[in-house]
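This report refers to the structure that appears directly beneath it.
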Amino acid sequence: MLVEIFLLFITPLIRLDPLANCLVSFSCAMQVQSFRKVHGFPFASTMCIGNLRNSVDHMLLYFQTHDQQEIRISSAYLRIIIFFIIGSGLGKIFCDWLGLQALWISCLLLFGALLIMFHDPKALSRQTVSQIDGEEDLLKREQ
């Protein structure tokens, strides 16, 4: 995340649009790779179509099985989508107001997320990460 923050921080200082575009695209790719799961469920942090599909899938499973866990998962995806929409709207407002310097607000938000990650030591423990990755491998084998 520190590399991502650094790249986004220096981007407004670069006057070459192709290079700035590459830096932002690379930062987005890093974010996609870094944040693949929330509470053990896969999600997309830079787009919402996959999250919408997953939400609808779990909602349909709820209607078939009436398993409360499915509706909780569906609503978690919906919350992610809602925050994505809010973030997109705020991003547009800040870009209109600040131009390229709006990326510095993203840096502040990412730094805040980094602090939150370190606030919960269990979230970053190797055991937790291994457990989640192991569950992902198990799901792949079952499919």
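With respect to LEU60, determine if the residue is over 20 Å from the mean Cα position of the chain (by Cα) and among the hydrophobic types (A, V, I, L, M, F, W, C).
yes
Can you pull out every residue in region 46-75 that is of a type in the set (Ser, Thr, Tyr) and either out of contact with any Leu (no Cβ under 6 Å at 6 or more places or on another chain) or over 27 Å from GLY87 (Cβ atoms) (or both)?
Listed by number, the residues that qualify are THR46, TYR62, THR65, SER74, SER75.
For the subset of region 81-108 comprising residues that are within 10 Å of PHE9 (Cα to Cα) and not hydrophobic (A, V, I, L, M, F, W, C), which member is surrounded by the fewest Cβ atoms within 10 Å (Cβ to Cβ)?
GLN101
Is at least one residue of region 74-90 more than 15 Å from the chain's Cα centre (by Cα), in contact (Cβ under 8 Å) with a residue 24 or more places away in the chain, farther than 25 Å from LEU2 by Cα and assigned to a helix (DSSP H, G or I)? Step through it out loud before you land on a result.
Here is the first cut: in region 74-90, the residues more than 15 Å from the chain's Cα centre (by Cα) are 74-75, 89-90.
From the residues that got through so far, the ones that are in contact (Cβ under 8 Å) with a residue 24 or more places away in the chain too are none.
No, because not a single residue in region 74-90 is more than 15 Å from the chain's Cα centre (by Cα), in contact (Cβ under 8 Å) with a residue 24 or more places away in the chain, farther than 25 Å from LEU2 by Cα and assigned to a helix (DSSP H, G or I).
How many of the residues in region 25-58 are at pLDDT 70 or above and basic (Lys, Arg)?
Residues flagged as at pLDDT 70 or above and basic (Lys, Arg) within region 25-58 amount to 1.
If only one of LEU90, LEU103, LEU19, LEU2 is at pLDDT 85 or above and within 19 Å of MET117 (Cβ to Cβ), which one is it? Show your work before the answer.
On the way: LEU90 fails: within 19 Å of MET117 (Cβ to Cβ); LEU103 fails: within 19 Å of MET117 (Cβ to Cβ); LEU19 fails: within 19 Å of MET117 (Cβ to Cβ).
Among LEU90, LEU103, LEU19, LEU2, only LEU2 is at pLDDT 85 or above and within 19 Å of MET117 (Cβ to Cβ).
Consider ASP96 carefully, then state whether it is modelled with pLDDT of 75 or more, part of a helix (DSSP H, G or I) and of a type outside the set (A, V, I, L, M, F, W, C).
yes
The values are calculated or read from the model by the stated rules, or taken from the named source; none is laboratory data. Fair warning: this is a prediction, and the values are worked out from it, not measured in the lab. With ideal geometry, Cβ positions are generated from the backbone for all residues, glycine too; neighbour counts draw on all protein chains shown.
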